[in-house]
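The values are calculated or read from the model by the stated rules, or taken from the named source; none is laboratory data. Worth saying up front: this structure is predicted, and the values here are computed from it rather than measured. Counting neighbours? That spans all protein chains shown, and the Cβs are built from the backbone with ideal geometry, glycine included. Just so you know, the surface numbers come from the protein's heavy atoms only, side chains and all, with ligands and any DNA or RNA stripped out. Shrake-Rupley method; radii C 1.70, N 1.55, O 1.52, S 1.80 Å.
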Amino acid sequence: GRFQNESDVGGSNACERCPLGRFQAAEGASACDECPSGLMSHESRILCQQCESGQFVRYEMECVDCFIGKYAPTALSGDCLECKEGFFTNNRTKATGCIACGAGKYSKGFTTSCTECSPGKAQGGAGQAECIDCASGYFMAEGGKTSCLPCSSGRFAPNASATSCTECSPGKAQ
């Protein structure tokens, strides 16, 4: 946990304690080794200690749980990773991974929950960043759905992302 500082101008040859984030297990060493990513120096500075999955090493001195919306599959240095679009951390700290949003929902990433598709939109797949507008001739009156419904005979959807179908004018058919 100590090293002999050879650049000591006073010539005292005194051993100094390794700084935070570094360690030295051997005696008589002239430098300290850096702790690998995700590890921090033990109080003794003789070895590095592992933080847990779902944590990161802050300031080379403490293990900190990942904050809500972030995760660490293994201990990291500096900060945890953000969940990408279509994924979330389920309102948890110390997350070790992200969960895909289910069909009918989406996320813009770095979040703790998914958002339901709004009426007039749908999403049939999991892990998506946005919902898709209902195509012309289709509608969806409710939110959180996986597909849009076709308008029945004699009715039409006047625009994309329709929430209802309109009856055709007399003399016109759809």
Checklist outcome for this item: From most to least accessible, 1.4 Å probe, no ligand or DNA/RNA atoms counted, 113, 136 line up as 136, 113
Item to check | Isolated Cys in the chain, by beta carbon distance under 4.7 Å | outcome: 15, 168
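Total Lys pairs in the chain closer than 15 Å by alpha-carbon, pairs eight or more apart in sequence or interchain only?
For the chain, qualifying lysine pairs total 8.
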Checklist outcome for this item: Taking every DSSP bridge whose two residues both lie in the range 56-125, the antiparallel percent to the nearest 5 is 75 percent
Item to check | Accessible surface, the chain, averaged per residue in Å² (probe 1.4 Å) | outcome: 58 Å²
Item to check | Listed residues 134, 56, 101: farthest to the positive end of the dipole of the range 17-174 (Cβ charges) | outcome: 134
Checklist entry - At a probe radius of 1.4 Å, what is the per-residue accessible area of residue 149, in Å² to the nearest 10? => result 80 Å²
Checklist outcome for this item: Listed residues 48, 151, 35; largest mean-square fluctuation, Gaussian network over the chain with Cα springs below 10 Å, found at 151
Checklist entry - Roughly speaking, to the nearest percent, how much of the chain's 1.4 Å accessible area is carbon and sulfur? => result 48 percent
Checklist entry - In terms of the Cα gyration tensor, with a ≥ b ≥ c the square roots of its eigenvalues, is the range 119-174 rounded because a/c is under 1.5, prolate because a/b exceeds b/c, or oblate? => result prolate
Checklist entry - Once Cα Rg over 2.2 N^0.38 Å is worked out from the coordinates, which option in [x] 2.38; [y] 1.84; [z] 1.14 does it equal? => result [y]
Next on the checklist: Compute the distance from the alpha-carbon center of the range 27-61 to that of the range 107-174, in whole Å.
Outcome noted: 54 Å
